[in-house]
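Here is the structure we will look at, set down as structure tokens.
Derivation of every value follows stated rules applied to the coordinates shown; laboratory data play no part. All values derive from a computational prediction rather than experimental measurement. Glycine gets a Cβ as well: all are built from the backbone with ideal geometry, and neighbour counts include every protein chain shown.
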Amino acid sequence: MIASETTVRPGRSAGRRGLMITGALAGALALALLAGGGALVWAHGTKEDGGGYYATGSKHLTTPTYAFVTEGLDVGTDGPGPLFRNGRLGTVRVTATGTRAHPIFVGIARKSQIASYLGSVSHDAITDFEVDPLSVTSARRAGDARPSAPSKQTFWAAKASGIGKQTMTWPVAKGDWSVVVMNADGTRGVHTDVSVGAKVPFLLELGAGLLVGGALAAAGAGAAIHRGRRSSR
């Protein structure tokens, strides 16, 4: 008996379902890529401050202790070495404001070195922060030692200190790092306005690449769904 043209063959039905599923998955991927790329391109156009940095607003920080210390900035060591040379991965900028009565110090060093320097000193550990707007969550760490002036230490990878706005810039490097904000003379009671920024050289290129990838994924999704519908007919 000859099968009619409306008979659905099992192999063709499975192939049609496969095309439709592939098209749906490619469509979801396209939406994700387009959304991510659009967000990055938008951020480049609206958040970049003219110097290449994407910066937070200013936040007033105050503590009766000797310092603010970030819990740690862990930059993975598995990436290729050239990626971390000359700030290719990015540059971090931290700005703090000092007064004539209390000149400020801001610096970054290995987390282990900061632990040796301030481990037994009362300080506020910054455990979390949000960037838009800038908000900080900190926890008080007890201690009974008094630190020597931070400028006397030789382990800083980058630092800045003085009166008025002091800006520390640090090309991102491998390792586990901590940022410290304290009075330049190492005294108790830190009161300062802080802002954080980052320069990511490839942000615009990454956004454009995601948009192109999203467009290609959308085209593939449309083609797969179209073929699946034709197969069903």
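Scanning the range 171-189 for residues that are in a strand (DSSP E or B) and of a type in the set (S, T, N, Q) turns up Ser178, Asn183.
For Gln166, the stated conditions hold: it is of a type in the set (S, T, N, Q) and buried (at least 20 other Cβ atoms within 10 Å of the Cβ).
Only residues that are free of Cβ contacts under 8 Å to residues at least 12 places away in the same chain and surrounded by 18 or more Cβ atoms within 10 Å (Cβ to Cβ) were counted in the range 95-119, giving 0.
Just one of the listed residues (Ala145, Ala173) is in contact with a strand residue (DSSP E or B) (Cβ under 8 Å, 6 or more places away or on another chain) and either among the aromatic types (Phe, Trp, Tyr) or more than 17 Å from Val190 (Cα to Cα) (or both), and it is Ala173.
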